Amino acid sequence: MSDHGTHSHGPVTRSGESADETLQHSIESEHGDHHAHGGLGKYLLVFLALCGLTTMSFFTYSPAWPWRDQPQVGWTFMMAVSCTKAMLVILFFMHVWWEANWKYVLTIPAAMMALFLAIMLIPDVGMRNRMVSQERALHMARGADLKVLEKASTEGPFAVQAH
Amino acid sequence: MHAHAASISPGHDDGHAGDDGHHGHVTLQYQPGLPLSRGKLIMWLFLSTEIMFFAALLGSYVVLRFGAPIWPKPHHVHLSEPIGAFNTFVLICSSVTVVLALEAARANKASLAKIWMLLTLLLGTLFLGVKGYEYSAKFSHGIYPAMPHSRIYERPDLYYGSAVRARLDELRKTPVGQVPSALRDPADAEAKSGDTVDLLQRLDAAPADRLSADQQTARTRLQQIQKIVMSADQQAFDMAVVADQVMPLPAEGADHGGGHGAHGLNDAFRWLRLPTVIPGGNMWASTYFLLTGFHAIHVAVGLLVFGIMCTWTLNAKRVGAIENIGLYWHFVDLVWIFLFPLMYLF
């Protein structure tokens, strides 16, 4: 992997070559590269996979989805689908699959920082409603508000007219 | 890597012809730290900062959402999943076209690369257009990230009731210039610019043939709602009734209708613009506009670069540039891949 990367995307600073020669060389090497990457067929395959996966996210909405009363299952499933799609895009469209080992140096720390960043938000932001002032609680929407609105819709004075 | 390292040794600074002749392959004079071009290295460094930028936004969204006591369902805020899915499809297609532009440029087929590039530009513009349409649908329902444009109230309480009253008072003193065409009077033409019109009274007086059947029902409802909000003896439930009439929230089971089944007073008369109740709606609007807005800015920047590139000859000399903007574009696609389920399907 490492060797392949260094040759195909390697430094192009070569002494004793004119710009045209460099260009020619780069065309040739990229051409060889292209064969190594598997060409357009692979991109088409990735594209179809991405479309299929997007449709799969909608599967959680269908009556055939067995966990309709447990949204957490659907959310996990959709995130798994999204991660798969993201991996496909990163690996094939962004050519990371064929890159040398530097890819780990840039992507893994960034991904870990991203994860920590999100986790660090949990105590202050995610748990912000565990302890709130009375005034804030008074104006805060709760699940009960939605229930009242639904009740108004089905049992209110206009219910007969509305339905 | 090792091959490069070996080539750096004193005395190799000049004259490589001998080496080439000897080993039959090119020896490098200069060893950059990483086996990739500078432009690509910078692009990847930039993308790694972008990963953290969007991770912060997406992370905040997830944490805010699951820390909130209540969060609106997609249909409560007039989100349409098919439109979101269509936009996902558009972005995936544009990712493919940009990859094909790169491949064409690698093969030195400049005109083919130009076609793919133009197609990418077109798809990106389509994405922004659809996004703009979605935004305008939100705005027309009074969903804005902040006051004074936002008409979202969190609960159907007395504060909501007083906001409805305030809006009704405002409508009773509508400047002549702002009277909707359906309620315009021939006498309005002679009115002075400072004059005001009682729109509610005018609606009550409007002949039935100028209103549709829906609007006639809505007119009766509006009269009843005015009675409720003006009443001295208000119950908490009354405000919920008002909110449900102004803009009903589609019920749990009704999520197959695309959110168009429910029709409120604000839909019957666009000029009413009464305050609405969406529990959790304000936080939703803030996160929605922030996340999709930043994503849209990224799309717009990409389109700008694609537009510039469309004026170039996209031959093999431009492979590096196309690859770099391609990386950026795929990243923008990547962000949407997460935004779509988080925003539209959760």
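The values are calculated or read from the model by the stated rules, or taken from the named source; none is laboratory data. These numbers were taken from a predicted model, which means no experiment stands behind them. Virtual Cβ from ideal backbone geometry, glycine too; neighbours counted across all protein chains shown. We work out accessible area using only protein heavy atoms, side chains counted, and drop any ligands, DNA or RNA first. Shrake-Rupley method; radii C 1.70, N 1.55, O 1.52, S 1.80 Å.
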Enumerate the pairs (first residue in the range B:151-166 and within 16 Å of B:L265 (Cα to Cα); second residue anywhere and open to solvent by 40 Å² or more (accessible area, probe 1.4 Å) and of a type in the set (S, T, N, Q)) with beta-carbon separation below 6 Å, excluding pairs fewer than 6 apart on the same chain, so at least 6 apart or on different chains.
B:I152/B:N282
Scanning the range B:276-289 for residues that are touching a helix residue (DSSP H, G or I) at 6+ places or on another chain (Cβ under 9 Å) and within 14 Å of another protein chain (Cβ to nearest Cβ) gives B:T276, B:V277, B:I278, B:P279, B:G280, B:G281, B:M283, B:W284, B:A285, B:S286, B:T287
Helices (runs of 4 or more DSSP H) wholly inside the range B:172-254 containing at least 1 residues that are modelled with pLDDT of 85 or more and open to solvent by 70 Å² or more (accessible area, probe 1.4 Å)
B:199-205, B:213-230
Long-range neighbours under 7 Å by Cβ, at least six apart or interchain, first residue within 25 Å of B:F346 (Cβ to Cβ) within the range A:42-57, second of a type in the set (S, T, N, Q) and in a helix (DSSP H, G or I):
A:L53/A:T84; A:T54/B:T88
Verdict on A:S57 being at pLDDT 90 or above and surrounded by 13 or more Cβ atoms within 10 Å (Cβ to Cβ)
no
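Restricting to the range A:94-106, and then to whatever is part of a helix (DSSP H, G or I) and within 7 Å of chain B (Cβ to nearest Cβ), can you tell me which residue is least open to solvent (accessible area, probe 1.4 Å)?
A:W102
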Open to solvent by 40 Å² or more (accessible area, probe 1.4 Å) and under 30 Å from A:A137 (Cα atoms): is that true of B:Y153 in this structure?
yes
Filtering the range A:78-97 for residues that are over 8 Å from the mean Cα position of the chain (by Cα) and among the small types (G, A, S) leaves a count of 1
Checking the condition within 8 Å of another protein chain (Cβ to nearest Cβ) and free of Cβ contacts under 8 Å to residues at least 12 places away in the same chain, which residue from A:L91, A:L115 passes?
A:L115
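How many residues are open to solvent by less than 70 Å² (accessible area, probe 1.4 Å) and either touching a strand residue (DSSP E or B) at 6+ places or on another chain (Cβ under 8 Å) or assigned to a helix (DSSP H, G or I) (or both) if we restrict to the range A:64-82?
The qualifying residues number 10.
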Within the range B:86-138, the count of residues that are open to solvent by 20 Å² or more (accessible area, probe 1.4 Å) and either in contact with a strand residue (DSSP E or B) (Cβ under 8 Å, 6 or more places away or on another chain) or among the small types (G, A, S) (or both) comes to 7
Of the numbered conditions (1) within 14 Å of chain A (Cβ to nearest Cβ); (2) farther than 17 Å from B:S95 by Cα; (3) in contact (Cβ under 8 Å) with a residue 60 or more places away in the chain, B:T120 fails exactly one; give the number of that condition.
(2)
Within the range B:69-84, does at least one residue satisfy the condition of being at the interface with another protein chain (Cβ under 8 Å from one of its Cβ atoms), open to solvent by less than 30 Å² (accessible area, probe 1.4 Å) and small (G, A, S)?
no
The residue that is farthest from the other protein chains (Cβ to nearest Cβ), considering only those in the range B:154-170 that are outside any helix (DSSP H, G or I) and within 28 Å of the chain's Cα centre (by Cα), is B:P156
